[in-house]
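A short worksheet on the structure shown next.
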Amino acid sequence: MMSVRTAWRLSVLVGFVALASGGWLLQRGAQAAQKGNVYLNQQLFTEVLRIVADRYVEPRDPAELYRMAITGMLRELGDPYTSLLTPEDVADLRLSTTGNYGGLGIRIDQKDGWITIVSTLPNTPAERVGLLAGDRIVEVDGRSTEGWSPEDAVRALRGPKGAPVNIKATRVGIPDPLPFRIVRDEIHVDYVRIFDLEPGIAYVRIDQFSEESAEEIRRALAGRTASLRGVVLDLRGNPGGLLEEGVAVSDLFLDAGALVVETRSRLAEQNARYLARKPATIASGVPMVVLVDAFSASASEIVAGALQDHDRALVIGIPTFGKGSVQTLYPLPGGYQFKITTAAWHTPAGRSIQRQQRFDSERDLLAGAAARGRAREVAVDTAGREPYRTAGGRTVYGGGGIVPDLIAQPDTYTTAEQEFLRAVAPQSPTYPDAVFRFGVEYARSRPGLKPDFGVTDEMLDALYRRLVSAGVKVDRALFEEARGVVGWRLAIDLATVAFGEDDAWRRRLVGDRAIETVMELLREGGTQKGIFALAEARAKSAARN
């Protein structure tokens, strides 16, 4: 039993500790109020680092602790675009603006803490196994990707040609992750695609703004002003790329001296205005429409915003990603580079492109990204968005991203199509390979096949038999209900084999409601003002409905 004297001494000791710790807490509280004192916080950091290095239960290399400190500091900024790049990251960054690498053929970004596919490139391993824009990569070779940066994902997904990688991806509308085994291939990216949708209507697709993008478009369209009845610039799924090329593409359609975009920064040297420098390659008399979606980002938003604010183009689609910050690279010792956000982009009307929040009406946009281009027109949700005026007095909206003049809201796959895709996804690459091989054999056995071929019931019946013989397990009744999505995929593969990438892209656009809307506006409107008037009437009708 404890004696009275012992108990008294313990009480005194506890009291002393309480007073001492209380005094320490008061002292620390006073110091916390001085958190702006850089010297104090530097001293605090040094002491914490020393204690951890000397006394933490598991030994840690001080160099590793410094790296962890940097990582934690950057994470606390809450900016996914500010990061420390390793020498390997720097090499990957340089590679992304050229052409060839071993990988899957996808563009990715981080959304809500997960790596999300922004777009799949045509005729690549990712497309062949059936990965889609909006798919969230949740696992790579057994490792969870939660919290990964895009750079982390690039390191894991790229690799030697012929080397397989196993991933799991979640898809809107499908409850369980879909497994994919993908064999890496050499990826060569053609970022620009140009062809006529019909005589006089030029379709310009830019997958990413890379070197020579503007020059490729200029060469294709120069001298065609007299014969053109319209230009469709498709920036859907375009994550950005080189700023200079985004400005240069805008320059093709704007008069010399027009403001394309400006940067605003607390660094005086980074406050800049980017102007169109050359006379427009395509005169303003040629009407123009720009297509955007939730994955149009960065340089895509600069182009769309500039053409919209100058009343040079009608913008159709869904509100864009909202990546309007400027990153500057600072070289560091050891081949490292520091990528840090230093400024923000603003459109000619003064709208900030950087998005600070997601609006309620846009919470389901990723579901639309899984669609085959089907869309319905809905009213623009202006709640919480500040109105701005274009050069011609039209109303456009801020709040981050580019808000289209006419919203074309994608629908999701039908229930039957979702069930079919869920059934065949685990059988990748057997299923997509069987479809592609069927297309190859069909094209080779029919040398007289025309580009406007139709996918017939006989073709689909033969395809089903091929799937069964290849070991693909899919219910015939479900196959019948999903004939639309099956036939669409088959038509793309067959066109790729028989006629090349341009015809394959035409097939991709079949049934694309946004493209159908564009063509209706171009045919009926005739002029840019006429197109604006028609789109305004449609938007008002959607708002009433």
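Before moving on, here are some points about what is shown:
- So residue 304, is it under 17 Å from the mean Cα position of the chain (by Cα), under 15 Å from residue 391 (Cα atoms) and in contact (Cβ under 8 Å) with a residue 60 or more places away in the chain: yes
- Subset of segment 128-138 (residues that are free of Cβ contacts under 8 Å to residues at least 60 places away in the same chain and surrounded by fewer than 22 Cβ atoms within 10 Å (Cβ to Cβ)): 136, 138
- Strands (runs of 3 or more DSSP E) contained in segment 172-240 and holding at least 2 residues closer than 28 Å to residue 154 by Cα: 174-183, 185-188, 192-198, 201-206
- Test result for residue 511, in contact (Cβ under 8 Å) with a residue 12 or more places away in the chain and of a type outside the set (D, E, K, R): yes
- Any pair with Cβ under 9 angstrom, 6 or more apart, that starts in segment 383-398 at a residue that is more than 16 Å from residue 304 (Cβ to Cβ) and ends at one that is among the basic types (Lys, Arg) and in a loop (DSSP other than H, G, I, E, B): 386/351
- Residue 431 vs. criteria buried (at least 21 other Cβ atoms within 10 Å of the Cβ), in a helix (DSSP H, G or I) and in contact (Cβ under 8 Å) with a residue 60 or more places away in the chain: yes
This table checks each residue for (1) more than 22 Å from the chain's Cα centre (by Cα); (2) of a type in the set (Ser, Thr, Tyr); (3) surrounded by fewer than 24 Cβ atoms within 10 Å (Cβ to Cβ); (4) modelled with pLDDT of 90 or more.
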| position | (1), (2), (3), (4) |
| --- | --- |
| 285 | yes, no, yes, yes |
| 298 | no, yes, no, yes |
| 310 | yes, no, yes, yes |
| 322 | no, no, yes, yes |
| 332 | yes, no, yes, yes |
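- Just one residue in the set 229, 236, 264, 273 is crowded, with 21+ Cβ neighbours inside 10 Å and in the same structural domain as residue 206 (by TED's automatic domain parsing); that residue is 236.
The values are calculated or read from the model by the stated rules, or taken from the named source; none is laboratory data. All figures in this text were calculated on a predicted structure; none of them were measured in a lab. Cβ coordinates were reconstructed from backbone atoms using ideal geometry, including for glycine residues, and neighbour counts include every protein chain displayed.
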